[in-house]
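Taken together, the values in this text are just the output of simple stated rules run on the coordinates, not laboratory data. Just so we're clear, the structure is a prediction, and the values are computed from it rather than from any experiment. Positions of Cβ are generated from backbone atoms using ideal geometry, with glycine treated the same way; all protein chains shown enter the neighbour counts.
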Amino acid sequence: MRDVVLKPRVGFCATGQHLVFLDAERDRYCMLAPRLEAYVRDWATGNVLEQAILADLVATGLFEPVANGRTASEQCSIPRCTDTLCGSHPTADRNPKYWIRFIWACLLLAFFNALTGTLPLKGLLAISGSPRTKKRNSSTPKDLSPLVESFVEAALFFPRKDRCLPDALALRTFLAWHSCPTRIVFGVQSEPFQAHCWVQFDNILVGQDLETVMPFSPILALP
């Protein structure tokens, strides 16, 4: 074993004085013992680690030996949001296309609100994928604007505490079915520990205000 990489759907970030990991496959956030955390920091900076240390990292269940041409530095870069598209200026044009989008958004919101808390995260992520995500359009914020306006207005009918996950899953699916490529991003903050998630188009936050997500450090982004 020459080196290790993070397992698929595993991410980590520094928050406060510690590293926090998200393992989306096992639906858990976790931290490591100080000794292992120090090893991860060394690994992240490109230092060569001893075989026994690499074995200890693999034993955490968060890492795996390098294989299939992957490199140890392969860590998804998550750009910070610098702009937002949150549908705060709803259009007065209530044409048939608007109502079709609105009804579809309501159905997706109802679906994911019903499933969240019942299925594990990996199941929710799998369901929220769509065959049409493979048909990517060269979308622009202008293309997304009418879609987001319809979705945000539909979301007003689903008030609940801790609604970020079902909303993000529904919005990602909603945009995917309109062939708009986005990512669902998970973030954390410490003292006290809190987790949040949102939908992102490049560096544009979709469907939320920037002030809502700025306190959170991105930990994992999934297409």
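Which values, in whole Å and largest first, are the semi-axes of the equivalent ellipsoid of the stretch 4-65 obtained as the square root of 5 times each eigenvalue of the Cα gyration tensor?
So the three semi-axes of the stretch 4-65 are 17, 14, 10 Å.
Which trypsin sites (Lys or Arg not before Pro) in the stretch 159-223 pass both tests, a DSSP loop state and at most 14 other beta-carbon atoms within 10 Å?
Arg160, Lys161
If I take every Cα pair under 8 Å that is 6 or more residues apart in the stretch 83-222, average their sequence separation and divide by the length, what percent do I get for the relative contact order? Can you show the working numbers first?
Details: 205 pairs, mean separation 45.8, N = 140.
Relative contact order, the stretch 83-222: 33 percent.
Between helix 141-155 and the chain, what is the angle of the helix's C-alpha long axis to the longest principal axis, kept within 0 to 90° and rounded to the nearest 10?
That helix lies at roughly 80 degrees to the long axis.
Find how many whole Å separate the alpha carbon centroid of the stretch 140-170 from the alpha carbon centroid of the stretch 2-27.
Taking the Cα centre of each part, the stretch 2-27 and the stretch 140-170 sit 28 Å apart.
To the nearest whole percent, what portion of all C-alpha pairs in the stretch 107-211 is separated by more than 23 angstrom?
24 percent
How compact is the chain by the rule of thumb for globular proteins, expressed as Cα Rg over 2.2 N^0.38 Å? Don't jump to the answer; show the numbers that get you there.
Details: Rg = 19.1 Å, N = 223, 2.2 N^0.38 = 17.2 Å.
Normalised by 2.2 N^0.38 Å, the Cα Rg of the chain equals 1.11.
For a quick protection proxy, order the peptides 48-55, 200-207 by their average other-Cβ count within 10 Å, most packed first.
Top to bottom by mean Cβ count within 10 Å: 200-207, 48-55.
Counting helices only, and only those DSSP H runs with n ≥ 4, report the 222 nm mean residue ellipticity of the chain as the sum of -39,500 (n - 2.57) divided by its residues, in deg cm²/dmol to the nearest 500.
-11000 deg cm²/dmol
Could you check what % of the DSSP bridge pairs in the chain are antiparallel, to the nearest 5?
Just about 85 percent of them are antiparallel.
Specify the angular offset, from 0 to 90 degrees and rounded to the nearest 10, of the alpha carbon long axis of helix 164-176 from the longest principal axis of the alpha carbons in the chain.
In the chain, helix 164-176 runs at an angle near 70 degrees to the longest axis.
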